[in-house]
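**Q** The structure under discussion is supplied below as structure tokens; questions concerning it will follow.
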Amino acid sequence: MGEEIEHVLSYLRIQSIRYKDKLQYKIQVSEDVKELYIIKLVLQPLVENSIYHGIKLKKGGQDYPD
């Protein structure tokens, strides 16, 4: 799972550049969990979907540009 977390961190770095001050995140992962196995690229789509739906609408109900 450690490698999957690295994929998520890379994705979040890219999105931070894209969304600038609109995206803040914090990742906390127990060391025990990092040793578990997970199918490749399972976490990144979940994070992507969360970002899309989480910052889709800014105050005032206006969409962010893609």
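**Q** Nothing charged except the Cβ atoms of Lys and Arg (+1) and of Asp and Glu (-1): what's the magnitude of the dipole of region 1-42 about its Cα centre? Round to the nearest 20 debye.
**A** Numbers: 7 positive and 7 negative charges, 87 e Å.
It comes to approximately 420 debye.
**Q** Which residues in region 1-29 place their backbone N less than 16 Å from a point set 7 Å from the Cα of LEU41 along the Cα-to-Cβ direction?
**A** It comes to 3-12, nothing else.
**Q** Hey, what do the phi angles of region 31-42 turn into as Karplus ³J(HN,Hα) couplings, whole Hz, using 6.51/-1.76/1.60 and θ = phi - 60°, x for Gly and Pro?
**A** For region 31-42, the Karplus-derived couplings read 4, 4, 5, 4, 8, 6, 9, 8, 4, 4, 6, 8 Hz, x marking Gly and Pro.
**Q** Moving to a separate point now. May I ask you to give the solvent-accessible area per residue for region 1-51, in square angstrom, as obtained with a 1.4 angstrom probe? Don't jump to the answer; show the numbers that get you there.
**A** On the way: 4090 Å² over 51 residues.
Using a 1.4 Å probe on heavy atoms only, each residue of region 1-51 averages 80 Å².
**Q** In nm, to one decimal, how far is the modelled label at ILE27 from the one at SER50, with both set 7 Å along Cα→Cβ?
**A** About 1.1 nm, to one decimal.
**Q** A further question follows. Determine, for each peptide in 34-42, 12-20, the mean count of other beta carbons within 10 angstrom over its residues, then list the peptides with the highest first.
**A** Details: 34-42: 9.8, 12-20: 12.6.
So the order, starting with the most tightly packed, is 12-20, 34-42.
**Q** Quick one: accessible surface of SER50, probe radius 1.4 Å, all protein chains present, in square angstrom to the nearest 10.
**A** Approximately 80 Å² of SER50 is accessible to the 1.4 Å probe.
The values are calculated or read from the model by the stated rules, or taken from the named source; none is laboratory data. The structure displayed is predicted, hence computed values, not measured ones. So basically every Cβ, Gly included, is an ideal-geometry build from the backbone, and we count neighbours across all protein chains shown. Each accessible area value is taken on the protein alone, full model and side chains, heavy atoms only, with ligands, DNA and RNA left out. Shrake-Rupley method; radii C 1.70, N 1.55, O 1.52, S 1.80 Å.
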